[in-house]
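Since every read-out is calculated from the coordinates, none of them should be taken as a lab result. All figures in this text were calculated on a predicted structure; none of them were measured in a lab. Note: ideal-geometry Cβ built from the backbone for every residue, glycine included; neighbour counts use all protein chains shown.
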């Protein structure tokens, strides 16, 4: 039994180890995708053969606040040379925060053949493995994607409003300072900020990084995760859960943990998150 | 208020670059990063030198030189902290030895002017923290010198 299989996850096959990745570097059916917060990280060195998917330029619509559409996803998939059969393995900086975000967006288009490399860049680095600067190019593919399906894993503000009114579980994955309303945003940087601080009434505070072993960026075992989300916070895998943060990136990490590692069947990511809720006229706020 | 002369020159040059040219340039700058010498600081680095809000765990020291200017030193503990390393080199190479007024008046705008507008808030906050520590150190030394002259 591999280390990942021994951790008791509901769906252990969504994670691959750095050893697995190292053994599949030349596998034409595997595409490594690096997604980072810092735009300098991938060009400064990445796993051989990995392509970059940038969260701002590649995953988001460049005009409206929304994700890319079917046409945009097909173009992205073509550029990185994948088909629906390609196993896409996401990894990145910040303990796979952005990798999980990219993974989640790919799920909006039903790319089920997707995995996350446990530990991300941090573990790869700590193991002394190589990073290269050569940027690979792959033959463009024809990828026929379905229309984006927002219904199952994405939540919108009106739905969240009803969710909160019904006192259904909400998980606020931001820092305790953001949850309490003590911190809104950096002065002079209101682009990701909000006019009001606090949290959605009833939301539980579980900062996303609690799901990670900070030493190597790997996910905690299922019992350790269950101790946080189930024993401590009282969530149940049968619950209808909405997770949110500031713009929906950190909460996609928590969505990944609850959905795949703990086997929660109905978790949605509210990507409007606090930058929408905290600016929404009349929206209820708790501090 | 504009940037200090050498920073302004750099910003003007970067404005001519494409996104990839800017990234390549900043990576080459980060490659020049040299950690704080042991004569200034050794691990474990003291918390009061830690840059606030910097997720790359950057530290900053301002060494007072004989001519009453500052030599800037940095450490970046996160090996993925490429932007923090680039920022450290830019601040050191362009501001060490410059007038305290230049350093004290340094604006946080330098972060966006150097790195472009697509930085996330988290990344901006860390880099802004580095700028703020540099200007804070210059203000502190200015105050000390002024009080000493009285």
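Please give the helix A:97-108 orientation as an angle from the longest Cα principal axis of chain A, in degrees from 0 to 90, rounded to the nearest 10. Relative to chain A, helix A:97-108 is tipped by roughly 90 degrees. Put the Cα centre of region B:70-102 next to the Cα centre of region B:31-59 and the gap is 10 Å. Counting Cβ atoms of other protein chains within 10 Å of each Cβ in A:32-42 and taking the mean gives 6. Among A:42, A:67, a tally of other beta-carbon atoms within 10 Å of each Cβ gives an order, fewest to most, of A:67, A:42. The mean sequence separation of alpha-carbon pairs under 8 Å and at least six residues apart, normalised by the residue count of chain A, gives a relative contact order of 21 percent.
Counting Cβ atoms of other protein chains within 10 Å of each residue's Cβ and taking the mean over peptide B:108-120 gives 3. The angle between the Cα long axis of helix B:19-30 and the main principal axis of chain B comes to about 40°, on a 0 to 90 degree scale.
Over region B:5-149, Cα pairs under 8 Å with separation of 6+ residues give a relative contact order of 26 percent. Within region B:23-97, the proportion of Cα pairs with more than 21 Å between them is 24 percent. Counting helices only, and only those DSSP H runs with n ≥ 4, report the 222 nm mean residue ellipticity of chain B as the sum of -39,500 (n - 2.57) divided by its residues, in deg cm²/dmol to the nearest 500. Estimated from H runs of four or more residues: -16000 deg cm²/dmol. Highest mean packing comes first when the peptides A:219-227, B:113-121, A:137-145, B:76-84 are listed by Cβ atoms within 10 Å, giving B:76-84, B:113-121, A:219-227, A:137-145.
Take every DSSP beta bridge whose two residues both sit in the protein assembly as shown; close to 35 percent of them are antiparallel.
Relative protection proxy for A:47-58, B:87-98, B:33-44, B:134-145, from highest mean packing down: B:87-98, A:47-58, B:134-145, B:33-44 (other beta-carbon atoms within 10 angstrom). Sort region A:157-277 into rounded, prolate or oblate with this rule: let a ≥ b ≥ c be the square roots of the eigenvalues of the Cα gyration tensor; rounded if a/c is under 1.5, and if a/c is not under 1.5, prolate when a/b is larger than b/c, oblate otherwise. It comes out oblate by the Cα gyration axes. What shape does region A:83-183 take by its C-alpha gyration tensor, where a ≥ b ≥ c are the square roots of the eigenvalues and a/c under 1.5 counts as rounded, a/b above b/c as prolate, and the rest as oblate? Taking the square roots of the gyration eigenvalues as a ≥ b ≥ c, region A:83-183 is oblate.
Taking only DSSP H segments of four or more residues, each worth -39500 (n - 2.57), what value at 222 nm results for chain A once the sum is divided by all its residues, to the nearest 500 deg cm²/dmol? That comes out to -6000 deg cm²/dmol. Sorting A:210, A:268, A:112 by the number of Cβ atoms found within 10 Å of their own Cβ, with the fewest placed first, yields A:112, A:210, A:268.
The convex hull drawn around the Cα atoms of the protein assembly as shown, when projected onto a plane and averaged over every direction, covers 23.1 nm². Over region A:5-126, Cα pairs under 8 Å with separation of 6+ residues give a relative contact order of 32 percent. At q = 0.16, 0.28 Å⁻¹, what log₁₀ I(q)/I(0) does a Debye calculation on the Cα points of region A:1-70 give, no solvent, two decimals? Cα-only, vacuum Debye calculation for region A:1-70: -0.78, -1.15. Averaging Cα coordinates gives a centre for region A:214-287 and one for region A:1-46; these two points are 22 Å apart.
How far is helix A:70-79 tilted, in degrees, relative to the longest principal axis of the Cα atoms in chain A, given as a value from 0 to 90 rounded to the nearest 10? On a 0 to 90 degree scale, this one is about 30. By the Kirkwood approach, averaging reciprocal distances over each pair of separate Cα atoms, region B:5-149 gets a hydrodynamic radius of 15.5 Å. Shielding value for B:25-37 is 1, the average number of Cβ atoms from other chains within 10 Å of each residue's Cβ.
Using R0 = 45 Å, the C-beta based FRET efficiency linking residue B:16 and residue A:10 works out to 0.30.
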